[in-house]
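Step one of this worksheet: look at the structure below.
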Amino acid sequence: MKDVRYVLGERLEEIREDRMEYPFASVDVPSVFLTNSRQAGRVMMRAGIVYEGEIKLNEVEFCRLEPQQECLAGALSIPRLMDVLGSRYKILFFINKNNIVIIDDDDFSHRLIQRVQRRKSKQGETKEHFIYNFILEFISRDVEILGQYEKRLMELEERVMHGQEEGFQSKFMPIRRELLVLRGYYDEMMDMGKELEENENGFFARKQLKYFGTITDRADRLMTKTSHLLEYAQQIRDAYQAAVDARQNRNMELLTVISTIFFPLTLITGWYGMNFQNMPELENGYPGVIALSVIVIVFCIWFFKRKKML
């Protein structure tokens with residue numbers, strides 16, 4: 001990704017990359033510097049930002065904000081909505097009194113800013129407004145995505161209600177894991193919004209802090225929606241487990257009935273299998289034993305049907 005500088009104002013005015021090379025070009029005007037990890041040191045020096053740490057994009061795992069003496073250091077680990085469990089977009093950003101530096105090796109931030117330029121009439125006249133537009137741009141589709149999760153869960157519930165439990169676990173478990181990942185992500189974004197709103201370094205104008213409150217509220221609503229979906233998913237899983245248990249109980253009941261029918265028959269065959277010498281039915285008793293067995297079977301079937309066990 002090439003280095004780009006955007007001047008904050010009524011519109012985000014992009015300055016060509018070659019202008020970044022001039023060391024005496026003015027940076028008094030609040031600007032957003034967009035670069036990659038390879039060029040980050042030079043660009044941060046250009047923007048007048050001093051960071052007490054190492055810049056390692058590959059170690060970004062969470063969304064966080066760290067106030068330092070000379071700047072605010074932030075990290076974004078953004079799930080890809082089409083592959084929530086896969087790799088993430090990883091971004092580092094640094095803020096001082098005048099400028100913002102965004103470090104991104106995937107060109108994702110550049111696309112976000114271009115979308116802000118196309119969609120917003122007021123694109124970022126202040127640092128606070130730019131951060132607000134930037135963050136809301138990459139969570140703007142999340143409500144729609146959560147709606148798709150809700151639809152998938154409703155389809156699973158419909159299948160369970162119609163006794164179509166086959167393949168339930170293979171479809172349910174990825175949804176649950178993805179929702180857990182998103183809930184953690186929105187929780188991190190909510191904490192970041194609160195930390196921006198606290199304005200510990202005093203880099204933001206007090207009257208502009210309302211933008212960060214909006215970010216916090218949006219992340220809070222998304223996290224609440226995700227939590228509700230997780231609760232709904234647990235209810236569907238309970239319904240599935242209840243259906244499985246009911247089917248197993250029916251199978252066990254049938255086996256119990258069969259065992260109960262054959263138990264007296266086993267007793268009869270055991271009794272007459274002893275072959276006592278003085279047994280009255282020893283001669284010509286075979287038809288009687290058959291008749292007795294049939295009577296026992298008919299009686300058992302009638303009894304279990306009456307008890308609605310068959």
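The length gained by stretching the chain between Asp220 and Ser121 to full extension, at 0.36 nm per residue less their Cα-Cα distance, is 33.0 nm.
Cβ-Cβ distance of His162 and Ser227, R₀ of 22 Å, FRET efficiency by 1/(1 + (r/R0)^6): the value works out to about 0.20. Once the Cα-Cα distance is subtracted from the 0.36 nm per residue extended length, the Ile301 to Arg11 segment shows a gain of 95.9 nm. Packing here is the average count of other Cβ atoms within 10 Å per residue, and on that basis the peptides 115-126, 172-183, 69-80, highest first, run 69-80, 172-183, 115-126.
Residue farthest toward the positive end of the dipole of the chain, with Cβ of Lys/Arg at +1 and Asp/Glu at -1: which of Val43, Cys63, Gly147? In the chain, that residue is Gly147. A dipole drawn for segment 170-275 from +1 and -1 charges on Cβ atoms has a positive end, and of Gln234, Gly213, Ala246 the residue lying farthest that way is Ala246. Phi angles across segment 109-115 convert, under the Karplus curve 6.51 cos²θ - 1.76 cosθ + 1.60 with θ = phi - 60°, into 3J(HN,Hα) values of 5, 4, 5, 4, 5, 4, 5 Hz, Gly and Pro given as x.
Take the chain with all the other protein chains still there, run a 1.4 Å probe, and you get 58 Å² of accessible area per residue. In this Cβ point-charge picture (+1 for Lys and Arg, -1 for Asp and Glu), the chain has a dipole of about 820 debye about its Cα centre.
Surface composition of segment 58-128: carbon plus sulfur atoms hold 43% of the accessible area, using a 1.4 angstrom probe and ignoring ligands, DNA and RNA. Extension gain for Asp191 to Glu70 (0.36 nm times residue separation, less C-alpha to C-alpha distance): 41.4 nm.
The values are calculated or read from the model by the stated rules, or taken from the named source; none is laboratory data. Note that the structure is predicted; figures quoted are calculated from it, not measured. Neighbour counts are summed over all protein chains in view; Cβ atoms, including those assigned to glycine, are modelled from backbone coordinates with ideal geometry. The protein model used for the area step is the full one, side chains on, heavy atoms only, and it has no ligands, DNA or RNA in it. Shrake-Rupley method; radii C 1.70, N 1.55, O 1.52, S 1.80 Å.
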